[in-house]
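Input: a single structure, listed below in structure tokens.
The values are calculated or read from the model by the stated rules, or taken from the named source; none is laboratory data. Quick caveat, the model's predicted, so the values are computed rather than measured. Neighbour counts are summed over all protein chains in view; Cβ atoms, including those assigned to glycine, are modelled from backbone coordinates with ideal geometry.
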């Protein structure tokens with residue numbers, strides 16, 4: 001039993017079964033303690049976490065400056081409503097906007113930031129009779145109703161309709177499709193500069209620049225969902241800075257406050273007043289605890305040189321996975337930007353999650369075939385090598401299993417039928433199973449924003 005545990009994983013699971021709504025698929029362990037990129041379960045088993053907090057723990061677990069800032073702030077003010085001014089909120093807003101642009105509205109999550117952005121662009125568009133929003137297939141924007149509607153993936157819409165009206169869906173990286181639907185009723189184009197849950201899909205050269213041109217031409221606002229790409233995840237403070245394309249509005253959350261619940265809408269000064277008093281609010285948005293944690297996160301990134309470390313470790317991951325790709329034909333494509341890493345396979349990626357966990361490494365799978373990592377910015381050489389060693393072993397094992405399965409499918413029909421009759425093998429081949437329930441990214445993505 002770990003020193004931080006009150007009970008066994010089994011006992012905690014039993015407690016959840018009685019008292020917690022089972023809307024999440026969960027791994028059958030209870031985590032009780034974390035430090036940096038390591039976590040421990042109730043039984044004292046150690047795991048290297050390469051997907052910490054689903055991207056929220058951008059500094060790893062329990063970063064010292066964030067912990068100290070929370071402790072200090074909790075002794076002064078825990079919560080003050082937004083009818084008052086507070087120093088922490090002003091300090092954090094200044095830190096974010098001077099590293100980006102505009103003015104900030106604080107909330108508590110990525111989904112809330114998207115809702116605030118949608119309201120802002122429609123309030124602004126109402127002045128000229130605009131209300132329609134363009135968003136992109138395979139994007140993900142959250143689980144609240146506006147954010148769910150903006151998420152152009154039918155699997156998230158099933159059973160919760162009717163959804164919000166006024167959205168147009170087009171393919172990511174298809175500028176012609178955007179031009180076809182953009183018009184006089186379009187108030188905004190909403191896009192993730194890099195699609196995260198969709199599989200770490202990178203923008204094609206000129207795509208974001210093209211969106212900027214289309215938005216300007218039709219009088220719409222360009223909104224970047226940087227819930228995942230923001231707060232130095234890509235190696236710059238914000239993802240848009242990687243591409244030199246300035247959005248009018250931006251949403252950031254996840255790693256914004258080093259693992260503490262926090263979201264923000266940042267808008268250019270000329271558009272920010274559209275979110276006028278009485279039209280939008282967030283009771284806990286901008287609370288002193290989250291603001292103190294956020295400011296400590298900024299300080300840690302700067303003082304520890306984590307923008308530079310992000311790029312160095314990104315290159316290390318890329319080098320390891322490129323070498324692995326040369327060995328394993330099941331790796332179709334490698335997509336990397338900073339600490340956003342997607343390894344696209346020719347076979348389902350979900351079994352890799354369980355296999356890696358059994359070997360003490362935590363990863364994610366999304367969109368069926370993509371192994372996804374969102375490591376902490378302060379991940380070390382040793383962490384990268386340990387994780388890549390395990391992933392290489394697991395993918396090698398899966399490649400062998402896939403090859404064996406394909407070989408069984410290739411058995412001549414008459415032989416396959418004969419063996420099937422004897423109960424030894426089927427013409428469909430053996431199914432590769434995982435000990436871990438299918439927890440592909442989409443099944444749990446509601447916890448992201």
| field | Qualifying position, being buried (at least 18 other Cβ atoms within 10 Å of the Cβ), on the phi < 0 side of the Ramachandran plot and part of a loop (DSSP other than H, G, I, E, B), among 161, 139, 116 | value | 139
| So, of the residues in the stretch 35-45 that are under 22 Å from the mean Cα position of the chain (by Cα) and in contact (Cβ under 8 Å) with a residue 60 or more places away in the chain, which turns out to be surrounded by the most Cβ atoms within 10 Å (Cβ to Cβ)? | 37
| request: Residues that are modelled with pLDDT of 50 or more and under 26 Å from the mean Cα position of the chain (by Cα): find the helices (runs of 4 or more DSSP H) completely inside the stretch 364-449 holding 3 or more of those. | output: 381-409
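Filter the stretch 337-361 for residues that are assigned to a strand (DSSP E or B) and under 16 Å from residue 387 (Cα atoms); which is nearest to the chain's Cα centre (by Cα)? Walk me through it before giving the result.
Going residue by residue through the stretch 337-361, those that are assigned to a strand (DSSP E or B) are 337, 340-345, 361.
Subsequent filtering for residues that are under 16 Å from residue 387 (Cα atoms) retains 340-343, 361.
On the way: 340: 9, 341: 11, 342: 12, 343: 15, 361: 18 Å.
Applying the filter and picking the extreme gives 340.
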| Given the residues 302, 322, 308, 333, which is the only one that is without any contact (Cβ under 8 Å) to a residue 24 or more places away in the chain, under 30 Å from residue 86 (Cβ atoms) and either surrounded by fewer than 21 Cβ atoms within 10 Å (Cβ to Cβ) or more than 21 Å from the chain's Cα centre (by Cα) (or both)? | 302
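Answer yes or no as to whether residue 50 is farther than 24 Å from residue 108 by Cβ, buried (at least 23 other Cβ atoms within 10 Å of the Cβ) and either touching a helix residue (DSSP H, G or I) at 6+ places or on another chain (Cβ under 8 Å) or free of Cβ contacts under 8 Å to residues at least 24 places away in the same chain (or both).
Values: farther than 24 Å from residue 108 by Cβ: yes; buried (at least 23 other Cβ atoms within 10 Å of the Cβ): yes; either touching a helix residue (DSSP H, G or I) at 6+ places or on another chain (Cβ under 8 Å) or free of Cβ contacts under 8 Å to residues at least 24 places away in the same chain (or both): yes.
Yes: the conditions hold for residue 50.
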| In the stretch 179-231, which residues are in contact (Cβ under 8 Å) with a residue 60 or more places away in the chain, assigned to a loop (DSSP other than H, G, I, E, B) and either out of contact with any strand residue (DSSP E or B) (no Cβ under 6 Å at 6 or more places or on another chain) or under 26 Å from residue 335 (Cβ atoms) (or both)? | 194, 196, 197, 198, 199, 200, 202, 219, 227, 228, 229, 231
| Any residue in the stretch 20-32 that is crowded, with 21+ Cβ neighbours inside 10 Å and either more than 30 Å from residue 267 (Cα to Cα) or touching a helix residue (DSSP H, G or I) at 6+ places or on another chain (Cβ under 6 Å) (or both)? | yes
| said: Give me the residue from the stretch 57-91 that is under 15 Å from residue 301 (Cα atoms) and touching a strand residue (DSSP E or B) at 6+ places or on another chain (Cβ under 7 Å) and, out of that set, surrounded by the fewest Cβ atoms within 10 Å (Cβ to Cβ). | reply: 62
| request: Within the stretch 7-34, track down each residue that is in contact (Cβ under 8 Å) with a residue 12 or more places away in the chain, more than 21 Å from the chain's Cα centre (by Cα) and outside any helix (DSSP H, G or I). | output: 7, 8, 28, 29, 30, 32, 33
